Amino acid sequence: GDSVTQMEGPVTLSEEAFLTINCTYTATGYPSLFWYVQYPGEGLQLLLKATKADDKGSNKGFEATYRKETTSFHLEKGSVQVSDSAVYFCALSGGTGGYNKLIFGAGTRLAVHP
Amino acid sequence: GAVVSQHPSWVICKSGTSVKIECRSLDFQATTMFWYRQFPKQSLMLMATSNEGSKATYEQGVEKDKFLINHASLTLSTLTVTSAHPEDSSFYICSADPPSGAYEQYFGPGTRLTVT
């Protein structure tokens, strides 16, 4: 079945460091890919998305490119801030389960220190 | 933006009792809501899809008689954990499809259930 694998955390960085969180997926068809972020005490929020191969999603300085050849959707940010500390979830929809069902990775906790 | 609330945010109950969790879309109507379960340091796993005015669709392996879902209005879905056992202790999260669709879901903050 469809699945999402993302790197284990926690990831600990100093402020202004470069961030990469790896995400790979397995799915039939042409899924849409997402990054969600969960700040402490809050619900998941959509951070960015890409709906077809080679699309780049971007928001708040974060970027991810839908790479069909490597089945990847790695999250990057050039300079992280303390306020970016959160749990990040990679997800897909539109595989076997259909477009309204999200399949999530395990989540990666990011801690940014001043 | 679209806001989804959950109540309660945490609950402790005794084994054998039932617990109801509410999920509300505060500023939009949601014909479809979803219920997820999350174990510590694990993924969110979809339990069921809740459609207003009809029966919920449960994922394989989820006991529909144990996890009762009711979606009686366009802004409220409830999950009732019946005859709770310690293994039901988990973090339950709901989400809602906004009217615009477009693959996005809006998530509630989650409910921590502990069964003693």
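Results, tabulated for the structure shown:
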{"read-out": "Count of the stretch A:8-59 residues which are touching a His at 6+ places or on another chain (Cβ under 9 Å) and surrounded by 14 or more Cβ atoms within 10 Å (Cβ to Cβ)", "value": "5"}
{"read-out": "Per-region count, the stretch B:66-116, residues over 19 Å from B:Asn51 (Cα atoms), touching a Gly at 6+ places or on another chain (Cβ under 8 Å) and of a type in the set (A, V, I, L, M, F, W, C)", "value": "2"}
{"read-out": "Hits in the stretch B:69-95 - residues which are without any contact (Cβ under 8 Å) to a residue 60 or more places away in the chain and closer than 23 Å to A:Phe104 by Cα", "value": "B:Ile69, B:Ser77, B:Thr78, B:Leu79, B:Glu87, B:Asp88, B:Ser89, B:Ser90, B:Phe91"}
{"read-out": "Within the stretch B:1-41, strands (runs of 3 or more DSSP E) holding 1 or more residues that are within 10 Å of chain A (Cβ to nearest Cβ)", "value": "B:4-7, B:32-38"}
{"read-out": "Among the residues listed as A:Gly94, A:Gly1, the single one being in contact (Cβ under 8 Å) with a residue 24 or more places away in the chain and in contact with a Pro (Cβ under 6 Å, 6 or more places away or on another chain)", "value": "A:Gly94"}
{"read-out": "All strands (runs of 3 or more DSSP E) inside the stretch B:56-113 with 2 or more residues being at pLDDT 95 or above and more than 14 Å from every other protein chain (Cβ to nearest Cβ)", "value": "B:67-73, B:76-81"}
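The values are calculated or read from the model by the stated rules, or taken from the named source; none is laboratory data. For clarity, every value in this text was computed on a predicted model and none was experimentally measured. Heads up, the Cβs are rebuilt from the backbone with ideal geometry, glycines too, and the neighbour counts pull from every protein chain shown.
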